[in-house]
Amino acid sequence: MSFTVYPAIDVRAGKVVRLRQGDYADETRYGDDPLAFALRYADAGATWLHLVDLDAARAGGYTLQPLLREIRRQTGLQVQTGGGVRSEADVAALLAAGAARVVVGSLAVTAPETVMGWLATFGSERITVALDTRQDETGAWRLPVHGWTQVASDTLDALLARYADAGLVHLLCTDIARDGMLAGPSIALYQPLCQRYPGVRVQASGGVRDAADVAAARTAGCAGVVLGKALLDGRLSLTEALAC
């Protein structure tokens, strides 16, 4: 199975930033030219980019269409992107602006039947379902929503079983406890998921520090890894990650 490295660009107020464990009050800024980052990643050999509109993720209304178009025009990168996707029209607009895949997060948990309908409407290759998860005291992987302030009734496993039956191909799964923490990827989360749902291509997200972590995610059965803080902090070069 092929393995894809997705350098990530999170944009807030036009700046490239990273949030620690998704906390908007705990932000690190890395630059004010997201396109320059995309060009650099393309030059290093990336074929895909993970682009997130953080303002839209909180308030709705995706704002990065002009940036998305320029990234496509100037780099040729395939882009999976999301933030604030709330309707079928939002999905269609992002695909029309050049997205290869549209990432759907909170709605995938709060309105799964709607998102399963989009898998049928747009095709499974055009949708990435993003599920953020946190392990509770019983060992179950829960699904916090609304800024991680509430918890959905379904467990990750129960919801993913429904998505797999609906034809889901691309899953971006983040262990909230490791997001932006450089603590290593959550192999205990990914390995069972990949074994249980072999038809789902799991993208590991959160905690990756170095090339060994990229290799560990691949060995666990993941189909890809999203790289944010480690690349931005210079702990890991994209060339090293791609070599894995």
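The values are calculated or read from the model by the stated rules, or taken from the named source; none is laboratory data. This one's a predicted model, so the numbers in the text were calculated from it and none came from an experiment. Every residue, glycine as well, gets a Cβ built from its backbone with ideal geometry; the counts of neighbours run over all protein chains shown. For the accessible areas, the whole protein counts, side chains as well, though only heavy atoms, and no ligand, DNA or RNA atoms are used. Shrake-Rupley method; radii C 1.70, N 1.55, O 1.52, S 1.80 Å.
Within segment 149-166, residues that are farther than 11 Å from Val109 by Cβ and aliphatic (A, V, I, L, M) reach partners that are open to solvent by 40 Å² or more (accessible area, probe 1.4 Å) and modelled with pLDDT of 95 or more with beta carbons closer than 7 Å, at six or more positions or on different chains, in the pairs Ala164/Gly199.
Considering Cys222, Cys173, which residue is in contact (Cβ under 8 Å) with a residue 60 or more places away in the chain and not in a helix (DSSP H, G or I)? Break it down into steps so the answer makes sense when it comes.
On the way: Cys173 fails: in contact (Cβ under 8 Å) with a residue 60 or more places away in the chain.
Among Cys222, Cys173, only Cys222 is in contact (Cβ under 8 Å) with a residue 60 or more places away in the chain and not in a helix (DSSP H, G or I).
Of everything in segment 99-116 that is assigned to a strand (DSSP E or B) and not charged (D, E, K, R), the residue that is most open to solvent (accessible area, probe 1.4 Å) is Val103. Here is a check on your reading of the model: is Cys194 open to solvent by less than 10 Å² (accessible area, probe 1.4 Å) and either assigned to a helix (DSSP H, G or I) or hydrophobic (A, V, I, L, M, F, W, C) (or both)? No, not satisfied. For Glu125, the conditions (1) in a helix (DSSP H, G or I); (2) in contact with a strand residue (DSSP E or B) (Cβ under 8 Å, 6 or more places away or on another chain); (3) surrounded by 15 or more Cβ atoms within 10 Å (Cβ to Cβ) are fulfilled apart from (3).
Condition check ((1) in contact (Cβ under 8 Å) with a residue 24 or more places away in the chain; (2) part of a strand (DSSP E or B); (3) within 26 Å of Ala177 (Cα to Cα)) across all residues:
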residue: Arg58; (1), (2), (3): yes, no, yes
residue: Gln74; (1), (2), (3): yes, no, no
residue: Gly84; (1), (2), (3): yes, no, yes
residue: Asp90; (1), (2), (3): yes, no, no
residue: Leu94; (1), (2), (3): yes, no, no
residue: Trp118; (1), (2), (3): yes, no, no
residue: Thr121; (1), (2), (3): yes, no, no
residue: Ala130; (1), (2), (3): yes, yes, yes
residue: Arg134; (1), (2), (3): yes, yes, yes
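The residue that is most open to solvent (accessible area, probe 1.4 Å), counting only those in segment 197-217 that are under 16 Å from the mean Cα position of the chain (by Cα) and not small (Gly, Ala, Ser), is Arg201. Among the residues that make up segment 206-215, is at least one of them in a loop (DSSP other than H, G, I, E, B), free of Cβ contacts under 8 Å to residues at least 12 places away in the same chain and farther than 17 Å from Gln80 by Cβ? Among the residues of segment 206-215, not one is in a loop (DSSP other than H, G, I, E, B), free of Cβ contacts under 8 Å to residues at least 12 places away in the same chain and farther than 17 Å from Gln80 by Cβ, which makes the answer no. Between Ala96, Ala56, the distinction of being of a type in the set (A, V, I, L, M) and surrounded by fewer than 20 Cβ atoms within 10 Å (Cβ to Cβ) belongs to Ala96 only.
Quick one: would you say Leu159 is assigned to a helix (DSSP H, G or I) and surrounded by 19 or more Cβ atoms within 10 Å (Cβ to Cβ)? Give the steps one after another, and end with the answer.
Working: assigned to a helix (DSSP H, G or I): yes; surrounded by 19 or more Cβ atoms within 10 Å (Cβ to Cβ): yes.
So Leu159 fits the description; yes.
Taking Thr133 as meeting all but one of (1) within 17 Å of His50 (Cβ to Cβ); (2) buried (at least 22 other Cβ atoms within 10 Å of the Cβ), write down the number of the exception. For Thr133, the failing item is (1).
The rows are residues; the columns are (1) touching an Asp or Glu at 6+ places or on another chain (Cβ under 7 Å); (2) within 23 Å of Val200 (Cα to Cα); (3) modelled with pLDDT under 95.
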residue: Leu35; (1), (2), (3): yes, no, no
residue: Gly61; (1), (2), (3): no, no, yes
residue: Leu68; (1), (2), (3): no, no, no
residue: Glu88; (1), (2), (3): no, yes, no
residue: Ala96; (1), (2), (3): no, no, no
residue: Ala111; (1), (2), (3): no, yes, no
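The numbered conditions (1) touching a residue at least 60 places away in the same chain (Cβ under 8 Å); (2) touching a strand residue (DSSP E or B) at 6+ places or on another chain (Cβ under 8 Å) are all true for Gln21 except (2).
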